Every structure is written in C-alpha cells, then in structure tokens.
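Coordinate-derived values only; no laboratory data. The model shown is predicted, which means the values in this text are computed figures rather than measured ones. Here the Cβ positions follow ideal geometry from the backbone for every residue, glycine too, while neighbour counts run over all protein chains shown.
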Amino acid sequence: MASASAKPVPRLDIVMSEATVYRPDEKDLLIIEATQGGLPVSPTPYHDIAEALDMDPEDVMQRVRTMQEHGVIRRIGIVPNHYKLGYTANGMSVWDVDDRHIRELGRKIGRLDFVSHCYHRPRHLPEWPYNLFAMVHGRNRDEVFSKVKTIADMLGDARREYQVLFSTEILKKTGLRLS
Amino acid sequence: MDSVDRDIINGLQGGFPVCEHPFRETAARFGIEEAELISRIQQLQQEGFISRFGPMYHAERLGGGLTLAAMAIAERDFGRVTRIVNAYPEVAHNYRREHEFNMWFVLATESPARIDSVIREIERQTGYLVYNMPKLEEFFIGLKFEV
C-alpha cells in the first residue's frame, strides 16, 4: 500500500514556542466553534460557514488565514483513520533518553515518516523513567517493532531503557473541544 | 478505495487552500474535476477512511490546557475507573494500553489551571494516582501518514 513516490517534503524544525498565545475575538470563536468538527465538504465551504454565521465570507477567510499565520490552526486538511486504513497496530514507544541530547534526537525521530507524534514529556521517577514519546503505526506488531528498532539504532548511546505500549482498546474518542 | 483515493489521503493532510472554491483549486492536482474530488472525500468520510476534514486547531495557542495523563489500574477496577474518567467532557481520547500503566487519556481544558483540578478530582473519585505528562517540547514535522 505504501508508495515511495510523492512523499511530502518534511517541514523541518517547526518547534512551537509556547510563549505566543493568540487571543481570538468573538468572531474568531464563532468560526472555531463552527469548524472544529470539520469543514463542509461542499464547493464553497468557507462561504457556507460565513452564511451559517451571518458573516462576510472575505472576513471569515481572512480570519482563518490569520489563525494559520499565528499557528492557532496547525493545518487544514484530512485526518486519516489509521485503523480503518489497515494500520491496526498502534505502538506508543517510550524512551529514557539523556536530557542533554533530547532536543537534537527528538527532532531526528520526529522526522521519520512512520512517527506520527513525537514529544518530550516529564519522567515520574521511579515508576516512569521515560522522557521521549514517539507514536508508531503499523499494519501489525512486527511492523511496529521493526520501526521501533530503527528508532533504537538512531538514538544510539543516548538511549537507556525503552518500551512499546500497544493500544488494545479505544475507551473514548471525541474531537478536542476548544470553545 | 483506489489509487486516486490514496493520492487524496496522502496529498491533502495539509495545505487545503483558503479561497472561494478550494476544491476546484485542488482537484487538478489529483487529475480530477472539482465535483469528483468532493464526492470522493464525502465517500471516504462515509466509509470511515477519513476521521476528520478541516482545520486542526492548536489548543495551547488558544490559551487552553492540554496534557497526556496515565493511570495504573487494577484489573478489577478498570471498568469503574473507565466510567469515571470518560464522564469528564475534558477527556478527549482515552486508550487502554498493554502495560502496568494501562490507561492513557488526553485532557483538553479551557484554561491551563483546570488541568490540575480535573486530575485531582479524578484521583479523589477513583482512589488512583494520575500521572500528568504534559508535553515539554513537541517535535512536530507535519503529518505525513502514507497509505
């Protein structure tokens, strides 16, 4: 199913600065509320939203662009359903990585095309020594393990213990409610 | 699902334009007409291959709180704790995972301060510790999941 061609070019080093918080005004909040579940799949989705909100379509589109520029909207597009697409094995790989190298290594791991999310998170010693999380999707567990092996090799000497936590059940899944 | 559907899923995970006729502008990239792109996306949604289509918002940038939390729950209590945790509207996703830490959920709150109070309430109601694991840094390189 995977094809080597037409791979999207990774956008490098987009690391969020947590300092900037965009303050949406009332109209922005209406747009967020109306679109956080998705856009209408119709010929003129933004105009449809504008009509439903009784706003000017140009204003709606300008606000969407501004929210994109400020990083309030990360991207606009499709969120694929991994499970339905046959990627039923979902392994959260967790790593105890030397803090001095975590940023440099995290960026390398986050760039891998089979890693959908990659985060630095706090340890909870002694029960939880892991500080780097990388979500790996595969068609089965063996595929996930072989991808995890690639990560292990890349981390090299900076890596201590690691584990892969497979999901066995979705207990709840709703979209994030933001407003 | 055919190769055009796969191209659409691979090619439209970001970059959907903001203009009056965004599907018209995008369709040529997949070698199809506007109407066909719309009907294919609708079909992929109906069949469940696409879980969402639209803008992805960044909760923290909007001043909200967001974290990943984990719990280690005894098997006999798992159902009870699941019901308590899932009842919170702030719990967006909750997964069971194979590990001593067997419950993993995402908390999204209107304010960062509310994260701590939800965690304390869950601990009080369940009698179990909640391990708060907010992201310290995100290594985000765009979505590039390929089918």
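Tabulated results
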item	result
Convex hull (Cα only) mean projected area of segment A:84-126, reported in nm² to one decimal	4.0 nm²
Over chain B, relative contact order from alpha-carbon pairs under 8 Å, at least 6 apart, %	26 percent
Per-q log10 I(q)/I(0), segment B:42-113, q = 0.13, 0.20, 0.22 Å⁻¹ (Debye; single scatterer per alpha-carbon; no solvent)	-0.54, -0.93, -0.98
Length-normalised contact order for segment A:14-69 - Cα pairs under 8 Å, 6+ apart - percent	24 percent
Segment A:121-164: trypsin sites (Lys or Arg not before Pro) in DSSP coil with no more than 16 other Cβ atoms inside 10 Å	A:123, A:139
Quotient of C-alpha Rg and 2.2 N^0.38 Å, computed over the protein assembly as shown	1.02
Cβ-based charge dipole, segment A:89-166, positive-most Cα from A:165, A:105, A:117	A:117
Exceeding the 22 Å Cα-Cα cut-off - candidates A:84/A:147; A:149/A:173; A:173/B:135; A:147/A:173; A:108/A:147; A:84/A:149	A:149/A:173; A:147/A:173; A:84/A:149
Nearest-ten-degree value, helix A:26-35 long axis tilted from longest Cα axis of chain A	60 degrees
When the convex hull of its Cα atoms is projected in every direction, mean area for chain B (nm²)	11.4 nm²
Degrees between helix B:34-46 axis and first principal axis of chain B (Cα, 0 to 90, nearest 10)	30 degrees
P(r) histogram, all alpha-carbon pairs of segment B:1-71 included - 5 Å bins from 0, percent	3, 13, 22, 21, 13, 9, 9, 7, 2, 1
Distance cut-off 14 Å, percentage of C-alpha pairs in segment A:19-90 lying past it	65 percent
Note, ³J(HN,Hα) from phi for segment A:145-151, Karplus 6.51, -1.76, 1.60, rounded to Hz, x at Gly and Pro	4, 6, 5, 5, 4, 4, 4
Cα convex hull of chain A - mean projected area over all directions, nm²	13.3 nm²
